[in-house]
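Report on the structure given below.
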Amino acid sequence: MIEKLYLDMDGVLCNFERRYFELYGELPGSMRDRKEFSLHWEDFIMTKQFETLDMWPGGEKLILYAESLSISVEILTSSGGNKHHDKVAEQKMVWLKTKGIEFPCNVVSGRKNKANYATPKTILVDDTADVIQAFNAAGGIGILHKEAGNTLMMLEKLLT
């Protein structure tokens, strides 16, 4: 029996990619190995962009569904590294508060650390394939999120 559901933020509940593209004209994934990504990442954090991201399409549906569950629900999100961990974690907490999302929040310093939360009784909804693969390999149940309808269908199947 499933005891806990973890929800990722960026790409599941909030729209990091849209804001990044609006500000810098490129998607973050296409720039990660380039010098510009580091410069833009600094700017993104220093201008507190994580506090004011738009809701991801379908994010409200996921929240409403999660609130209806009788199991524990928590946020499991990454700060993108140790250097700005505290700043990003604080900004993400502000975002959750302004959206009225009251689930406990776990902010890890890197996405690879999400696998540490995996157990056979936990589900993680995340939009990153390697995160889901690592969570599954560590014994958890990962759902690769692409669209709210499919994710909700998979959750329903696993939780009923």
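The values are calculated or read from the model by the stated rules, or taken from the named source; none is laboratory data. Bear in mind that the values here come from a model prediction, so they are computed numbers and not experimental data. No Cβ is skipped: glycine too gets one built from the backbone with ideal geometry, and neighbour counts run over all protein chains shown.
The table below gives the values:
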item	result
Residue list for segment 79-93, filter: touching a residue at least 12 places away in the same chain (Cβ under 8 Å) and either touching a Ser or Thr at 6+ places or on another chain (Cβ under 7 Å) or assigned to a helix (DSSP H, G or I) (or both)	SER79, GLY81, ASN82, HIS85, LYS87, VAL88, ALA89, GLN91, LYS92, MET93
GLU17 vs. criteria in contact with a strand residue (DSSP E or B) (Cβ under 9 Å, 6 or more places away or on another chain), at pLDDT below 95 and either acidic (Asp, Glu) or over 29 Å from LEU159 (Cα atoms) (or both)	yes
Qualifying positions in segment 144-159 - closer than 28 Å to LYS87 by Cα and either among the hydrophobic types (A, V, I, L, M, F, W, C) or more than 14 Å from the chain's Cα centre (by Cα) (or both)	LEU144
Residues being surrounded by 16 or more Cβ atoms within 10 Å (Cβ to Cβ), of a type outside the set (Phe, Trp, Tyr) and either in a loop (DSSP other than H, G, I, E, B) or more than 12 Å from the chain's Cα centre (by Cα) (or both) - total across segment 94-112	2
Where LEU124 falls short, out of the listed (1) in contact (Cβ under 8 Å) with a residue 24 or more places away in the chain; (2) assigned to a helix (DSSP H, G or I)	(2)
Scan of segment 107-118 for residues that are out of contact with any helix residue (DSSP H, G or I) (no Cβ under 7 Å at 6 or more places or on another chain) and among the polar types (S, T, N, Q), ordered by number	ASN113, ASN116
Per-region count, segment 127-153, residues aliphatic (A, V, I, L, M) and part of a loop (DSSP other than H, G, I, E, B)	1
Cross-chain or 6+ apart pairs with Cβ under 7 Å, segment 129-150 first and free of Cβ contacts under 8 Å to residues at least 60 places away in the same chain, then surrounded by fewer than 16 Cβ atoms within 10 Å (Cβ to Cβ) and in a loop (DSSP other than H, G, I, E, B)	GLY139/THR119; GLY139/PRO120; GLY140/THR119
Residues (under 14 Å from SER78 (Cβ atoms) and either surrounded by 12 or more Cβ atoms within 10 Å (Cβ to Cβ) or under 13 Å from the mean Cα position of the chain (by Cα) (or both)) located in segment 126-143	ASP126, ASP127, THR128, VAL131, ILE132, ALA134, PHE135
Residue in segment 41-58 that is among the small types (Gly, Ala, Ser), modelled with pLDDT of 95 or more and either touching a helix residue (DSSP H, G or I) at 6+ places or on another chain (Cβ under 7 Å) or surrounded by fewer than 12 Cβ atoms within 10 Å (Cβ to Cβ) (or both) present	yes
Test: residue in segment 23-40 that is farther than 25 Å from ASN113 by Cα, surrounded by 14 or more Cβ atoms within 10 Å (Cβ to Cβ) and without any contact (Cβ under 8 Å) to a residue 40 or more places away in the chain	yes
